[in-house]
Structures are given as structure tokens and as C-alpha cells.
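The structure under discussion appears below in the form of C-alpha cells.
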Amino acid sequence: MKGLPSVEPGTSTRTRRWDAVVVGAALPGLVAAVRLGMQGKRVLVLEEEAVSGRFPGLREPFWMSGAHKEGVLGACLRALGVPLIDQRRIEIDPVAFQVVMPDARIDIGEAPLCVDEWVAWGLAKPEEARALVRALGDAAEAERAALLEAAFVRTGSWLSRSVRRGASPAVDPPATSAKPPRHARGVPGEVESAPPALRAILEAQVRALSLAATAPSAHARARLLGAPLEGGGVVRGSDPWLRGILRRRIESLYGEFRGVPELFRLVSLGGQPGLAPDAGGESGEIWVGRALVLNAPRTALASAVAQDPPDLLAGPRLTHRLHTLHLLVARDLVPEAMASRVILLGGSSSLKRTRDSGLTLRRFACPDDPTQLHLLVSALVDAAEPDLATREAEMIDAVAGLMPFAEGRLAPVQEPEARWDDDSAVEEPASGEGWPGDVEIRAGGKLPVFRLDRAAVAGLGFEGELLLGWRGGDAIAAELG
């Protein structure tokens, strides 16, 4: 068994200590860092140097669900103590996203809008559309209530289980106003009886919103199908980033961020786990914590450690990547009817090799130049894609098909690639993991090492990552005492 090598500080090495060291700046780790900080823990968040300067939108979710007061995002922001002025910056767009096909451009969003769109495009009859929307709304509400009441994570520790049951005041139980489910859990039968064309759109929606390599559970599908009926969250202001809100909260109150090179060592010092950013081990600092929180894919971390990978990095294989192109386009090229979030479905030969002929698009304003827009185009590709250049050309061709006069004017912006601090990696979840079950976050071994395993919650998409960080941060704080 390979654990973390024990080291002793040398004369030229300085040891820095925190309560928790979070390795990776993905969303779950930022949420966990805030929760740890709120309970008196000093936190260090480590991000990969090469990617810290990328366009911020690359690490933002495609779609933010649950932004209303009683939603998962709304409850999470309150639990994180986010100031009201920042909470109010997250507004609800009635259009969650748009589904674009060769012969249709369908707005998906708040319930009346969905009914009108499905009927207008001939996808369902009025009464049929209303019944399906009601069923999806009830199913999504049942899952929302269950999500906010669930422990969601486990650590194998008696202490953390007793805290989650309220036996200790060390961690305040989450303040939610979840109501008892009014609907049988899982996907409603109305989905299977929906007209084939509409059912195909709903399945494409699940594929686009799930972050999993495998099909999500029925409970997760119910949430992904019904949550868009609440619209979509949009951060307003000159820095329209959810991650920016969380980062400022950490830096101002609870800890700090530091950059780490693409190669480093995981070590232990005096029984505490940590990281040595100097891969050669000759000089520099060692950063240790009472807890080490792995907030990046284990496969990626294993490729970045300058040592034999420890057993705690053994895990699911990397199957796919969510490959994203960053395009800077002239605003006048983008159709006015195009929503800020788009699911682009097939019918074009340029989409033939994407997963079930689907792309997602996001657009953001360019504050420095109002004549330009940032456009992010994503497709799920095989982790061992042999011809990425051809795939990128297909993605650009598909986007150009949406924009008259855009041919030859869509050049990707070159962004630094992540080696380990990677939001795009899609790993195979462990058998039986995922909602509605709890996620094990304690890594094996005696050292206090925890994993925020995004693969285990990927079937729930954005809300799964929020809850993994929220409940995971509380459980780690309970372990620290």
C-alpha cells in the first residue's frame, strides 16, 4: 500500500499550516472552503498556475438551477453567508436555455413558456403539454425537497454522523425550508407517454445538464427534467461569475488562494497531510493541513504528482472530457433570437460525431469591447480522442450554421490547458454511487484526507456539485472538531 511519504522540514524548507488544504479550485471545493471557514477553520485553496488566468466563464456552469429563494442554489448561498447584495445579483431568467434543431428554436423555461413553446412547435397538444409540465414540476419539487433534507455525504465516522443528526452543536444544521414531497419520487410516467419528438428533446436536455459519463438515476433525471421550469440563474454585474462571489468570500474572511505548478508532491509531515509545490524537494515550502481535501479528478492528480501515485488517488477511469472552445465573435454575427444558453441538436453532418449529436453554447458580454461576445462551445468527447483538430472544426462548423455570415470569422482563443485542476474531466462513477445515495468522501488510510468526488454527483449536474461542497464542508469540519 502506497501512502503519503513522510518528510521532515529541512533547513531551507518552511512549513506553513492551515486547518484545511483544498487541492483544486472546482466549485465543490470553493463551497466547502466557505463552510469550513464559517466554522472557524483556516483554509488554503490551491489552483493550478497554468489555468488561473483563463477566461472565467470556462469554469462557470452551463446552467444554474435553483436560483429562487427556496431552490438549492438559493439555500446554499444563504448557508454560505453570502451578503444579500451578492445574492440579489443572481437573477432568474425566465428562459433556462434554448434547444435549437434544424427546423426549430425552442425556448425551455418557466412553465407557461414551456407549454406555449411545445404547442407552438407542434410537439404536444395543449392539454398534453400542461399535464406534462405539471408532472415534471411536481417531480422536480419532490427531488428538491429531498436534496435539501439529505445528509448527501458520509465519512465513515461516528462523529460526523452524530453531528448530522444534530447531536452536537459543532456544525449548525443547514437552514432550509424544504417541504415534504408531494409527488412520487422519480421520473413521472407522462415522460414515457409524451410524443416521440418531445421525448427526444427531453432526453437531450438530460444529457446536456448531467455531467456524468453514464446515464443518471431516475431520481436525478427527474430533477434535471423539471428544474428548468424554474428558469435559470444569471449573475449580473461587471464580474458575472458565481465562482467570483465565492472566491471573494474566502479571500476576505476565511483563507487564501495559491498557485501550484503542474507537478508537485503529496506528503505528510508530523501526521498531517499536505503538498510540496517544489516537485524536486530541494527547497521551498511545505503546506500542510489538519485535513487535505482533494477537489480534482484522481486520474488527473495521479498524473501530476512527482512520485509513485499514492493509493488514495486510485479510482475511476477517465472516460470523456467536456471539450470547450472559446470563441470571440462580433456581436452582430449572433442572432438576436439566440438565448444566452443553447443546446444544439443534430441534423447537421458537422454534428455527427458528438455525443448523440449535441453541443452546448454559452455567450457572455465582453466588458472591454461591447462590439464583441465571448462564445463557449462544448461537446463531450472521448478521453482518448485521436483527432481533436477535426472535432474542433466540426464544432465550429456547427456554430457557424447558426450565424449567417460567420463563415471564416470564428477563430478559437487559445487558452492554457489544465493538467490536474480540471473541470472538464468526466470520470466513471463507482458502481452504485450517486443520488439518491450518499457519497463517501473520506479517503482510505489513517491520514485525514477527503475526496470531493465530482464523478459521484455528476448525474445531478450543477446542484450535485453545490451539495457535495456544502455537506462535505460540514462533515470535514465535524471531523476536525
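One line per residue, one yes/no per condition, for (1) surrounded by fewer than 24 Cβ atoms within 10 Å (Cβ to Cβ); (2) over 16 Å from N295 (Cβ atoms); (3) among the aliphatic types (A, V, I, L, M):
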residue: P28; (1), (2), (3): no, no, no
residue: V31; (1), (2), (3): no, no, yes
residue: V34; (1), (2), (3): no, no, yes
residue: Q39; (1), (2), (3): yes, yes, no
residue: V43; (1), (2), (3): no, no, yes
residue: E48; (1), (2), (3): no, no, no
residue: V51; (1), (2), (3): yes, no, yes
residue: F55; (1), (2), (3): yes, yes, no
residue: F62; (1), (2), (3): yes, yes, no
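Within segment 450-478, the set of residues being among the hydrophobic types (A, V, I, L, M, F, W, C), closer than 16 Å to V45 by Cβ and touching a strand residue (DSSP E or B) at 6+ places or on another chain (Cβ under 6 Å) comprises F450, I476. On the given criteria, is L225 buried (at least 24 other Cβ atoms within 10 Å of the Cβ) and under 21 Å from G445 (Cα atoms)? So L225 does not fit the description; no.
Could you list all residues from segment 420-456 that are hydrophobic (A, V, I, L, M, F, W, C) and over 20 Å from L292 (Cβ atoms)? Let's see the steps before the verdict.
First pass over segment 420-456, keeping only residues hydrophobic (A, V, I, L, M, F, W, C): 420, 425-426, 430, 435, 439, 441, 443, 447, 449-450, 452, 455-456.
The answer is V426, A430, W435.
Could you please let me know if D422 is surrounded by fewer than 18 Cβ atoms within 10 Å (Cβ to Cβ) and either modelled with pLDDT of 95 or more or among the charged types (D, E, K, R) (or both)?
Numbers: surrounded by fewer than 18 Cβ atoms within 10 Å (Cβ to Cβ): no; either modelled with pLDDT of 95 or more or among the charged types (D, E, K, R) (or both): yes.
The answer is no for D422.
Within segment 95-116, the set of residues being under 20 Å from S65 (Cα atoms) and not in a strand (DSSP E or B) comprises E110, A111, P112, L113, C114, V115.
Residues that are at pLDDT 90 or above and farther than 16 Å from A208 by Cα within segment 338-362 comprise just one, M338.
The lone criterion from (1) part of a helix (DSSP H, G or I); (2) over 19 Å from the mean Cα position of the chain (by Cα); (3) closer than 20 Å to S378 by Cβ left unmet by L36 is number (3).
Would you check if A418 is in contact (Cβ under 8 Å) with a residue 60 or more places away in the chain, of a type in the set (A, V, I, L, M, F, W, C) and not in a helix (DSSP H, G or I)?
Values: in contact (Cβ under 8 Å) with a residue 60 or more places away in the chain: yes; of a type in the set (A, V, I, L, M, F, W, C): yes; not in a helix (DSSP H, G or I): yes.
Considered against the rule, which asks whether it is in contact (Cβ under 8 Å) with a residue 60 or more places away in the chain, of a type in the set (A, V, I, L, M, F, W, C) and not in a helix (DSSP H, G or I), A418 comes out as yes.
Every test in (1) more than 30 Å from L388 (Cα to Cα); (2) of a type outside the set (G, A, S); (3) crowded, with 21+ Cβ neighbours inside 10 Å is passed by E285 save one, and that test is (3). Selection of segment 39-67 for residues being in a loop (DSSP other than H, G, I, E, B), in contact with a Phe, Trp or Tyr (Cβ under 9 Å, 6 or more places away or on another chain), hydrophobic (A, V, I, L, M, F, W, C) and under 30 Å from G137 (Cβ atoms) yields F62, W63.
When segment 203-224 is limited to residues that are of a type in the set (S, T, N, Q) and either within 15 Å of the chain's Cα centre (by Cα) or assigned to a loop (DSSP other than H, G, I, E, B) (or both), the one that is nearest to S65 (Cα to Cα) turns out to be S210. Among the conditions (1) buried (at least 19 other Cβ atoms within 10 Å of the Cβ); (2) farther than 28 Å from V399 by Cα; (3) in contact with an Asp or Glu (Cβ under 8 Å, 6 or more places away or on another chain), E143 misses just one, which is (3). List pairs: first in segment 51-69 and at pLDDT 95 or above, second among the β-branched types (V, I, T) and part of a loop (DSSP other than H, G, I, E, B), Cβ under 8 Å, 6+ apart or cross-chain? Correct list of pairs: F55/V413.
In segment 117-135, how many are surrounded by 19 or more Cβ atoms within 10 Å (Cβ to Cβ) and either touching a Lys or Arg at 6+ places or on another chain (Cβ under 6 Å) or assigned to a helix (DSSP H, G or I) (or both)? The total comes to 6.
Within segment 452-472, the set of residues being of a type in the set (G, A, S) and closer than 9 Å to L27 by Cβ comprises G469 only.
The values are calculated or read from the model by the stated rules, or taken from the named source; none is laboratory data. Source: prediction; values computed, not measured. With ideal geometry, Cβ positions are generated from the backbone for all residues, glycine too; neighbour counts draw on all protein chains shown.
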